[in-house]
Amino acid sequence: MNAPLRLTIPHGVDEPGESYLSRLAARNGVDLSTDFCRDVELRFQDVVDGDPNELRRLATMAGVDPAALVAASFAREENQSYVVGGHRIPLRWMGRGTTRVCPACLLEDAANSDLPPEIAMHARFWWGTLLVGACPLHDVPLVSIASGRRPTIHDIVADLRGMPDPLPALLASLTPRRATRPERYLVGRLSGRHRDGAVPFLDGLPAFVGARFCDVIGAIRVHGKNTLPKTLDEADRLAAGEAGFDIVAGGADAVRAFVVNMIKDRPGDRSYNGSAKFVLGGLDAWLYQNKGNPDLMGLRRFLSDIAIEHLPLGPGETCLGLPVGRRVLHSVCTASKESGVHRVRLRKALVQYGFLAERQPRAPDHFMTFPAKAAAPFLASLAGTMDLGDVRSHIGAPRVHGQLLVQGGFLKPINLRDARGKGMLAFMREHVDSFLADLTRDARDVEDPTAYTIIDAAKRVPCGAMDIVRLLVERRLPFVGRSRDADGYLSVLVRPDDVRNILVPEGPTLTVRGFAEAAGIPIHRVRHLIYDGSLRSTLVRRNEGGRTVHAIPRTELARLETNLIGLSELAAAWGFKKEKAAYILRRCGILVVRSPIESQRRHYRMADIASNVGLRTRQLFLPQ
Ligand SMILES: [Zn+2]
């Protein structure tokens, strides 16, 4: 234990340990604190670092109150910060390398003491933080009188001794500057002289956080939402601090109103993506920079809660560095993502059913927000559904084919109704996906020049596209290809011959023109034979919604050559009496053939009739 010193001095108000040590050394005739520490066996660095044990030893040695000395000294902590009176200040806000003083305070110390001036003048611990730039007692800026020159660092008596100008001259050279309210507030908090509860919102925050929050929120109010105080010059930063104090002095409600206003005031910017970061710019950046500081947690939570109530945020996202635990608002975008319903359709439905007011038809989907809870049942009924437009683009089918697929029963709409019983055409996504899977199940990447898309193959068969779809779904086609140039419906390739063989079991068919060419007779004659019933044909629809055409089985060619037709059948088909028909045939030079089966009846060769007796010929014989 160190023996009490004979020569001692009183401990100054707010005087930190290192200042007291420096003056005590001078009082005992030692020039440097470090030399004095060696003499009395104190650890200089521990005193500078505010180590309570070393400060108590110093106080006991000098016969002053140890508690007061400890309370007025910044103690270095592990995590890059200093603590005084229970208040933590991050290292970057500490002016540890310099000695900053208020000359007026020092001159007042000298004037009010019987001690020699250099021993009477003592430091105030709050000069040690860069968050305070002016003396609240004298309204003069704090001035640096020495910057980290060893061996006088942390040794105020030695620093003052080394000053080139006397203090009064230094004081006279300074431009007075009023300490801002955040500075006064911080000094009050750190020194324990602030009446707790006088500034309710700030008093609930750690001292450093409160003082800094004033600067941050003020910079946003004066210079815009993305401005951080560090980008401002000294005068603007101080003005921002005052502006911020105006807001926070109004309490939590005023801060909330300010933040809500920031959110509501977002510009109609297309780049807005619904994130908190976008609308809370400077606040978000500041909290991000301090992400490791536990002192900001309370404020972070307070601000994050406000943001969650006014922005479309939900679980899985972060807001101001905190995970979002609940959803209050949906935007058209977030609801679309969650329900799987396309944004355009969802927005229409939300307006239609009164969840959204279509006041801003051009506002981006991210801006269109609505209460998530109230809309939850509606969204749930809509979830996983698509309208026909969605379905068409999803499966890659042209517009007409989308409707045909519904008419053909391949796509089955579900009966979706809102609370008022109004129906909507909706399809379950899983149904649509399962249909698409059925359609493309057998598709292989095999080149086949005779394969066509469903649409083109239907024209070539000819048949309806839905006939081919049915064959695909029923897996009845021997070959299904896949085009790399398209997706879904349009990527499926089938061979028209395969389809024809299944749809027209009697074999390949001919069109009227094809039949005429094959038989070597005019087209209109073929038509007459069909109308007469002499040629078998089926009516098929060449394309969707188009006109029907005749498909004549190829086998009819042979029948035309060999088949005979009776006079009575011909006469009935032509609408003449038998004898008149016989007269016409005779005039046309068509000979009667006797059928081996019915030798009593007059028969004619169909091929002869097709070649020689046209409608015009018959018309010549119509009754006048
Ligand atoms: Zn002062």
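General observations
- Sorted into 5 angstrom bins from 0, the C-alpha pair distances of the range 439-503 split as 4, 21, 36, 27, 11, 1 percent.
- Cross-link pairs Lys225/Lys291; Lys373/Lys412; Lys230/Lys277; Lys264/Lys348 - those with Cα-Cα distance over 25 Å: Lys373/Lys412
- The value obtained for the chain, namely the Cα convex hull volume divided by the number of residues, is 263 Å³ per residue.
- The chain: relative contact order in percent, alpha carbon pairs under 8 Å with at least 6 residues between: 6 percent
- Rounded to 10°, Cα long-axis angle of helix 297-310 versus longest principal axis of the chain: 30 degrees
- With the simple spin-label model, which puts each label point 7 Å out from Cα in the Cβ direction, the Gln352 to Lys459 separation comes to 3.4 nm.
- Distance histogram for the range 329-383 (every C-alpha pair counted, 5 angstrom bins, percent rounded to whole numbers): 4, 23, 40, 25, 7, 1
- Size of electric dipole in the chain: Cβ of Lys, Arg +1 and of Asp, Glu -1, about Cα centre, debye, nearest 20: 5320 debye
- Spin-label zone in the range 79-111 - amide nitrogen under 17 Å from a point set 7 Å from the Cα of Ser144 along the C-beta vector: 91-103
- Tilt relative to the chain, helix 578-587 - C-alpha long axis, 0 to 90 degrees, to 10: 90 degrees
- Taking each residue as 0.36 nm, the span from Tyr272 to Arg470 lengthens on full extension beyond its C-alpha to C-alpha distance by 66.6 nm.
- Relative to the longest principal axis of the Cα atoms of the chain, the long axis of helix 343-352 lies at roughly 90 degrees.
- Those residues of the range 513-531 whose amide nitrogen sits under 13 Å from the label point placed on Arg554, 7 Å along Cα→Cβ: 515, 518
- Efficiency of FRET between Arg92 and Asp433 - r from beta-carbon atoms, R0 51 angstrom, step 0.05: 0.35
- Hydrodynamic radius by Kirkwood, which averages 1/r over all alpha carbon pairs of the range 288-349, in angstrom: 12.9 Å
- Peptides 211-221, 323-333 ordered by packing proxy, namely the average of other Cβ atoms within 10 Å per residue, highest first: 211-221, 323-333.
- Shape call, the range 17-173: gyration tensor on alpha carbons, a/c limit 1.5: oblate
- Residue-averaged 222 nm ellipticity for the chain, from DSSP H runs of 4+ at -39500 (n - 2.57), nearest 500: -13500 deg cm²/dmol
Rule-based calculations on the coordinates, nothing more; no lab input. Remember, it's a predicted structure, so these values are computed and weren't measured experimentally. Note that each Cβ is placed from the backbone with ideal geometry, even for glycine, and that neighbours are counted across all protein chains shown.
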